[in-house]
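This report refers to the structure that appears directly beneath it.
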Amino acid sequence: MASIRHRSRAEWQELDKEHHLHPFTDHKDLHQRRSRIISRADGVYIYDADGNKILDAMSGLWCVNVGYGRTELIEAASTQMRELPYYNNFFQCTNPPAVELAAVLKDLSPPQFNRVFFTGSGSESNDTIVRMVRTYWDLMGQPERKTIISRKNAYHGSTVAAASLGGMKPMHEQSGLPIPGIVHIDQPYWFGSDQELSPEEFGLAAARTLDARIKELGPDQVAAFIGEPIQGAGGVIIPPDNYWPEIQRICDEHGILLISDEVITGFGRLGSWFGADHFGTRPDFMPFAKGVTSGYLPLGGVFVSDRVAEVLIEKAGEFAHGYTYSGHPTACAVAIANIQLIQREGLVERIRNDIGPYLQKQWAELADHPLVGETRMVGLMGAMELVKSKDPLQRFPDKQPVGTLCRDLCIEGGLVMRAVGNTMICAPPFILSHAEADELIEKARHTLDRIHRAIH
Ligand SMILES: *Cc1c(COP(=O)(O)O)cnc(C)c1O
């Protein structure tokens, strides 16, 4: 009873070209090359319409953490759809999956969190936070605290407020962003720096640019600081160990709210349930999405700390904000099944003690390759810097898109990795076996060899 009509690859490509606008895509370029049709998936593999089997080392888009084809999630959705596919949570209503999920999330999250607000995506979660942060300070009698500090090259989503929080220059340039009241400091990207400081000195200096910016703006003007524990779309930027503790200290000193964007790092990717657990921060907000359902259905949300939630509950009256799909029962049922699966299979512990260290060791060995200037990986989230020469360190010029070439050759060789400039990034599903990890590394190395031969 398939409701999707079967067509040839060429027919689908033609219809796609004529009618479908893609996210983050240069359509002229796409139309010359034609889109790749991904038609099914199983475990850690995706299959295209030509039957090519490709190891998905990006977990879809950082989300299919439990792998494809998991019966538990599929059945949770179909059971819930039969019972109650949708109802809203406005007008004094709620539904069992939303309530149950809120309680499950409370148990998983750090102790300052007892409440969650549901959304449909990470972008919506960050938009929600902008409104909550500003409302909180209004209610606290400090309405002049309006400015939110973020970081260059951060990614917090693509709606107007989320893209403003993000620090992606091309996004800002295309639409007159950021909106007022959002400023950006440098990211803690040691490899991208002149490397004159040690990583520790650099980590401290990078954190202290927050202190300097707060003082410049006036501490009583600053509402919050937002950061991804590890920047994802910006190129898997893993800060030095002393960075986050210093950021926390600075936020505490000035009484400003800390927002830990857990859209990628939430639900296990770093070998802990949340990035805040990994780095030891005590955020006031944690937006999440992606991994909460392993991407099987769209769902996002915001953990709101007691400090903020109690003020909103006591003083806000009606907080005039929400989405049609806030607390969507089917999405919430899938999230519960997904979290139960992660717990039953011990996948977070597996990343910490087994597949994480196993892949990290081999990933680190790729740094021997003449094209690789640095590798880094925490949990199952890693990056590899492609360089023109290692000693002395010489980067590829911007005009030479080696990262894109590497990405394309990887796919041709049966492996999905993403390119951010000349940084290759990977974030495979938590169920990756040792044999599949070996395959990932072998395919990556093979691709590096091909590029090296092509350009030298
Ligand atoms: C993907 C992402 C978002 C945006 O999530 P969407 O569901 O695409 O709106 C926000 N923050 C981070 C860190 C992300 O990686």
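Based on what the data block shows, is Thr94 closer than 20 Å to Gly181 by Cα, more than 23 Å from the chain's Cα centre (by Cα), among the hydroxyl-bearing types (Ser, Thr, Tyr) and open to solvent by 20 Å² or more (accessible area, probe 1.4 Å)?
No: the conditions fail for Thr94.
Just to be sure before I move on: is Leu177 more than 25 Å from Arg282 (Cβ to Cβ), of a type outside the set (Gly, Ala, Ser) and open to solvent by 60 Å² or more (accessible area, probe 1.4 Å) in the structure I sent?
No: the conditions fail for Leu177.
Could you please tell me which pairs satisfy a Cβ distance under 7 Å, a separation of 6+ or placement on different chains, a first residue in the stretch 98-121 that is in contact (Cβ under 8 Å) with a residue 24 or more places away in the chain and within 16 Å of the ligand (Cβ to nearest atom), and a second residue that is open to solvent by 40 Å² or more (accessible area, probe 1.4 Å) and among the aromatic types (Phe, Trp, Tyr)?
What qualifies is Thr119/Tyr323; Gly120/Tyr323; Gly120/Tyr325.
Quick one: in the stretch 128-184, which of the residues that are basic (Lys, Arg) and part of a helix (DSSP H, G or I) is farthest from Ile264 (Cα to Cα)?
For the stretch 128-184, the residue satisfying everything is Arg134.
With the condition being more than 19 Å from the chain's Cα centre (by Cα), I'd like the strands (runs of 3 or more DSSP E) fully within the stretch 364-456 carrying at least 2 qualifying residues.
On the way: elements: 372-378, 381-386, 418-420, 423-426.
Once the strands (runs of 3 or more DSSP E) in the stretch 364-456 are filtered for at least 2 residues that are more than 19 Å from the chain's Cα centre (by Cα), what remains is 372-378, 381-386.
Do we find that Gln13 is open to solvent by less than 90 Å² (accessible area, probe 1.4 Å) and either without any contact (Cβ under 8 Å) to a residue 40 or more places away in the chain or within 30 Å of His434 (Cα to Cα) (or both) in this structure? Full working, then the answer.
Working: open to solvent by less than 90 Å² (accessible area, probe 1.4 Å): yes; either without any contact (Cβ under 8 Å) to a residue 40 or more places away in the chain or within 30 Å of His434 (Cα to Cα) (or both): yes.
The answer is yes for Gln13.
So how many residues does the stretch 154-190 have that are away from the ligand (no atom under 12 Å from the Cβ) and not hydrophobic (A, V, I, L, M, F, W, C)?
So the count comes out to 16.
Name the pairs: first residue in the stretch 37-51 and assigned to a loop (DSSP other than H, G, I, E, B), second residue polar (S, T, N, Q) and open to solvent by 40 Å² or more (accessible area, probe 1.4 Å), Cβ to Cβ under 7 Å, at least 6 apart or on different chains?
Here the result reads Ala49/Ser39, each pair linking the stretch 37-51 to a residue that is polar (S, T, N, Q) and open to solvent by 40 Å² or more (accessible area, probe 1.4 Å).
Every residue in the stretch 131-160 that is open to solvent by 10 Å² or more (accessible area, probe 1.4 Å) and either β-branched (Val, Ile, Thr) or closer than 27 Å to Val236 by Cβ (or both), please.
Thr135, Thr147, Lys152, Asn153, Tyr155, Ser158, Thr159, Val160
Does Arg131 satisfy the condition of being away from the ligand (no atom under 11 Å from the Cβ), modelled with pLDDT of 95 or more and closer than 24 Å to Gly322 by Cβ?
yes
Here is a yes/no grid of residues against (1) among the basic types (Lys, Arg); (2) open to solvent by less than 20 Å² (accessible area, probe 1.4 Å):
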{"site": "Leu341", "(1), (2)": "no, yes"}
{"site": "Arg344", "(1), (2)": "yes, no"}
{"site": "Leu347", "(1), (2)": "no, yes"}
{"site": "Pro357", "(1), (2)": "no, no"}
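What about Leu55, is it touching a Pro at 6+ places or on another chain (Cβ under 9 Å), in contact (Cβ under 8 Å) with a residue 24 or more places away in the chain, surrounded by fewer than 14 Cβ atoms within 10 Å (Cβ to Cβ) and hydrophobic (A, V, I, L, M, F, W, C)? Working first, answer last.
On the way: touching a Pro at 6+ places or on another chain (Cβ under 9 Å): yes; in contact (Cβ under 8 Å) with a residue 24 or more places away in the chain: yes; surrounded by fewer than 14 Cβ atoms within 10 Å (Cβ to Cβ): no; hydrophobic (A, V, I, L, M, F, W, C): yes.
Taking the combined requirement at face value, the residue does not satisfy it.
Does the stretch 192-205 include one or more residues that are open to solvent by less than 50 Å² (accessible area, probe 1.4 Å), modelled with pLDDT of 95 or more, more than 20 Å from Arg134 (Cα to Cα) and within 16 Å of the ligand (Cβ to nearest atom)?
No - not one qualifying residue is present in the stretch 192-205.
The values are calculated or read from the model by the stated rules, or taken from the named source; none is laboratory data. This is a predicted model, so every value here is computed, not measured. Quick reminder, even Gly has a Cβ in these numbers, built from the backbone with ideal geometry, and neighbours come from all protein chains shown. These accessible areas exclude ligands, DNA and RNA; they are computed on the full protein's heavy atoms, side chains included. Shrake-Rupley method; radii C 1.70, N 1.55, O 1.52, S 1.80 Å.
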